[in-house]
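**Student:** This is the structure I want to talk about, given as structure tokens.
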Amino acid sequence: MLKKLVLKMLKLSFHKLMNKMYISVVIAVLFSCKSPSQENNKLAAEKTVKTLTTSFGKEDEISFLENFPEDFETFKKTFGWDDQKDRPQPLYKNANSYIDYWFSLIQKAEYRKYEDRIIGISKGASWQADAIGYFQTRAVNYIIANKRYILINSLSDRDAESVLLFLINRHSQGRADFTAHLDKSKQDIINKNLSENISDQKKRGTFETYLNNKSFFIRTFDINKDGIADKVVSSIAYQGDDLFVFFGNKAGGYSEVLETTNFSEDGGNVIKDVGEIPGSKGFVVKTYFPDRGYYEKEFYITPENDTWILKNAIYRTMSDVSGNAVKYICDVLQNIDITKSGWSEKLQSIPDENERNKKCRTENVKNSVREYVVQDPDGYTNLRKEGNTSSRILQKITSGESVTVVERSGDWILVKTKQGISGYIHKSRITAR
């Protein structure tokens, strides 16, 4: 009798234990598995990225336009940085090339209908120092160059504010033609938000934002001659045209005192370097023309009475490409307050060709052989076996080192180093001296 009772109790205990284990397994499965909708979203995103990559490589314009992100969340998940996992999104590395291609396509009349994605991506967006910042710059330049202010004027004030919070910065302050073509209600939004402390602007104004950021380079020297090192932060070539100045303090911290341009131009000169002005307060921004020809610009900026003055600009170019060519060096007075609205419209350019002999200094060029040197903000550039970023690295070439140009082919240049090694470097990393 006792034996039967014990067996019965053991059976009950066993069944209870099995029930608990079953319930635990079910709960674990439920919490570990993604919902069908989550899994479908992930697969759809992966398919879109794959299609976008394929259409970009094959220059399938329609497919590329159809699969380009329509909103900020998708744009960031495609081209931005994954903040949670602290790693790049699928197309982060070559994002700027994709963005450039997209903007080149919507210039065509038949693809103009896709330009409303500028608004879709800008709505609710937040600035970051990567592809997002680059898209912002391209979007503002596109609106100005094509006079597409209707994209903003057609919005409700609520939507316009969301878009302008992303688009406005020094572009809308420094380009009078941007704000002047907007409706009064949209101008009021800009004026209101420029006078307020915006959280994204605080982030932009933090020096630490740009540390270890490959889209920017940093130069350190005493700008205001107070005995304390200061910092200049600039977008690298083809990565935007932002430039920030931070004054150092005795405690080792830095405060932003200027946000302006590094004078890079779409289809024109690009940033080369930023340096100090020997024996004087301020700094000089140097740009160069990366393709054929020789055209360098230097912009001299000094701090004066709580503002910043572009004192002068020096332009250097050649008369022609013959053996008898002369180099023109044109020092053009500016005296422009670059903290004022519309200052860039006052910029004096290089004198016309028929006036250069009178207004510019000249130097004879003794021979037509041009010397080319590597210029890279990182201090070196990679010499690759083929003309692409995935090709094997043959050598690291130090900035300032001379190379011989063998052949030009699109964005990549075939060169020979002084060690006799031939390979390709990107056109943004070489300049004529």
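The values are calculated or read from the model by the stated rules, or taken from the named source; none is laboratory data. Keep in mind it's a predicted model, so treat the numbers as computed, not measured. For neighbour counting, all protein chains shown are included, and Cβ atoms are generated from backbone atoms with ideal geometry for every residue, glycine included. Keep in mind that these areas ignore ligands, DNA and RNA; they rest on the heavy atoms of the full protein, side chains included. Shrake-Rupley method; radii C 1.70, N 1.55, O 1.52, S 1.80 Å.
**Student:** If you count, for each residue, the other Cβ atoms within 10 Å and average over each peptide, how do 144-150, 47-53, 422-428 line up from highest to lowest? Let's see the in-between values first.
**Tutor:** Details: 144-150: 13.4, 47-53: 16.0, 422-428: 20.1.
Taking the mean over residues of other Cβ atoms within 10 Å, the ranking is 422-428, 47-53, 144-150.
**Student:** Here's a follow-up. Given a 1.4 angstrom probe, I'd like the percentage of the accessible area of region 90-142 that is carbon and sulfur, rounded to a whole number. Intermediate results must be reported in sequence, preceding the final value.
**Tutor:** On the way: 850 of 1800 Å².
Taking all protein chains in place, region 90-142 shows 47 percent carbon and sulfur surface.
**Student:** Per the Cauchy relation, a quarter of the hull surface: what is the mean projected area of the convex hull of the alpha carbons in region 95-146, in nm²?
**Tutor:** Details: hull surface 13.7 nm².
Mean projected area for region 95-146: 3.4 nm², to one decimal.
**Student:** Rank 326, 303, 343 by how far each Cα sits towards the positive end of the charge dipole of region 285-358 (+1 on Lys, Arg Cβ; -1 on Asp, Glu Cβ) and give me just the farthest.
**Tutor:** 326
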